[in-house]
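Have a look at the structure below, then the notes.
The values are calculated or read from the model by the stated rules, or taken from the named source; none is laboratory data. Remember, predicted model here, so these are calculated numbers, not experimental data. All Cβ positions, glycine included, derive from the backbone under ideal geometry; neighbour counts span all protein chains shown. Accessible surface areas use protein heavy atoms only, side chains included; no ligands, DNA or RNA. Shrake-Rupley method; radii C 1.70, N 1.55, O 1.52, S 1.80 Å.
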Amino acid sequence: MSIERMQCGPRMSQAVIHNQTIYLAGQVASGAPRGTITEQTKDILSRIDALLAEAKSDKSKILSATIWMTDMSKFSEMNEVWDAWVVPGATPTRATVASPQLASPDYAIEIAIIAARP
């Protein structure tokens, strides 16, 4: 059994890899806090791309996504960005959940990913 941790901090790692499965921590738009849902979603997906690349994988290997949103009335705006980003024919399982508040009021969306590493 092997466990690899990436970008470890005092409370969490940004990614943990166990037996070729990559678990990403929930990502928020640190590059676009207080931005629109479109801006925050784009920022998060860019962060996910970078973390997956660092873990030697990519978005075509995503198995599952969990999305938390503070305002479900913005669901279609988020989906527009998601649909342009996700690999056609390699769409993961996904759950989108309403959350009245995330860790900071600056964030309107958080996305956690589980992916495979080839």
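When Ile67 is evaluated against the numbered criteria (1) surrounded by 14 or more Cβ atoms within 10 Å (Cβ to Cβ); (2) in a helix (DSSP H, G or I), which criterion, by number, is the only one it fails?
(2)
Only residues that are touching a strand residue (DSSP E or B) at 6+ places or on another chain (Cβ under 6 Å), over 21 Å from Thr21 (Cα atoms) and of a type in the set (A, V, I, L, M): list them for the range 65-97, please.
Taking the range 65-97 and keeping what is touching a strand residue (DSSP E or B) at 6+ places or on another chain (Cβ under 6 Å), we get 65-69, 72, 92-97.
Imposing the further condition that a residue be over 21 Å from Thr21 (Cα atoms) reduces the set to 68-69, 72, 96-97.
Of everything in the range 65-97, those that are touching a strand residue (DSSP E or B) at 6+ places or on another chain (Cβ under 6 Å), over 21 Å from Thr21 (Cα atoms) and of a type in the set (A, V, I, L, M) turn out to be Met69, Met72, Val97.
Provide a single number: the residues in the range 9-20 that are out of contact with any helix residue (DSSP H, G or I) (no Cβ under 8 Å at 6 or more places or on another chain) and open to solvent by less than 10 Å² (accessible area, probe 1.4 Å).
Kept after step one, since they are out of contact with any helix residue (DSSP H, G or I) (no Cβ under 8 Å at 6 or more places or on another chain), are these residues of the range 9-20: 9-13, 16-20.
Cutting the leftovers down to open to solvent by less than 10 Å² (accessible area, probe 1.4 Å) gives us 17.
So the answer is 1.
Out of the residues in the range 21-37 meeting the condition of being open to solvent by 40 Å² or more (accessible area, probe 1.4 Å) and at pLDDT 95 or above, tell me which one is nearest to Ile114 (Cα to Cα).
Filtering the range 21-37 for residues that are open to solvent by 40 Å² or more (accessible area, probe 1.4 Å) and at pLDDT 95 or above, the one nearest to Ile114 (Cα to Cα) comes out as Tyr23.
Evaluate the following for Gln40: is it open to solvent by 40 Å² or more (accessible area, probe 1.4 Å) and over 18 Å from Ala116 (Cβ atoms)? Give the steps one after another, and end with the answer.
Numbers: open to solvent by 40 Å² or more (accessible area, probe 1.4 Å): no; over 18 Å from Ala116 (Cβ atoms): yes.
The answer is no for Gln40.
With the requirement that a residue be basic (Lys, Arg) and on the phi > 0 side of the Ramachandran plot, what does the range 1-59 give you? Spell out the reasoning first.
So the first thing to find is which residues in the range 1-59 are basic (Lys, Arg), and the list is 5, 11, 34, 42, 47, 56, 59.
Across the range 1-59, the qualifying residues are Arg34, Lys56.
If Ser73 satisfies every condition in (1) surrounded by fewer than 18 Cβ atoms within 10 Å (Cβ to Cβ); (2) assigned to a loop (DSSP other than H, G, I, E, B) but one, which is the exception?
Failing condition for Ser73: (2).
Please verify whether Thr93 is at pLDDT 95 or above and over 12 Å from the mean Cα position of the chain (by Cα), treating the condition exactly as stated.
Numbers: at pLDDT 95 or above: yes; over 12 Å from the mean Cα position of the chain (by Cα): yes.
So Thr93 passes the test.
If I filter the range 94-116 down to residues being out of contact with any Asp or Glu (no Cβ under 8 Å at 6 or more places or on another chain), over 16 Å from Leu45 (Cα atoms) and not small (Gly, Ala, Ser), which single residue comes out as surrounded by the most Cβ atoms within 10 Å (Cβ to Cβ)?
Filtering the range 94-116 for residues that are out of contact with any Asp or Glu (no Cβ under 8 Å at 6 or more places or on another chain), over 16 Å from Leu45 (Cα atoms) and not small (Gly, Ala, Ser), the one surrounded by the most Cβ atoms within 10 Å (Cβ to Cβ) comes out as Asp106.
Determine the pairs where a residue that is under 15 Å from Gly26 (Cβ atoms) and modelled with pLDDT of 95 or more, located within the range 1-15, has a partner that is of a type in the set (Asp, Glu) and in a strand (DSSP E or B) with Cβ atoms under 9 Å apart, the partner being 6 or more residues away or on another chain.
Once the first residue is under 15 Å from Gly26 (Cβ atoms) and modelled with pLDDT of 95 or more and sits in the range 1-15, its partners that are of a type in the set (Asp, Glu) and in a strand (DSSP E or B) give Ala15/Glu4.
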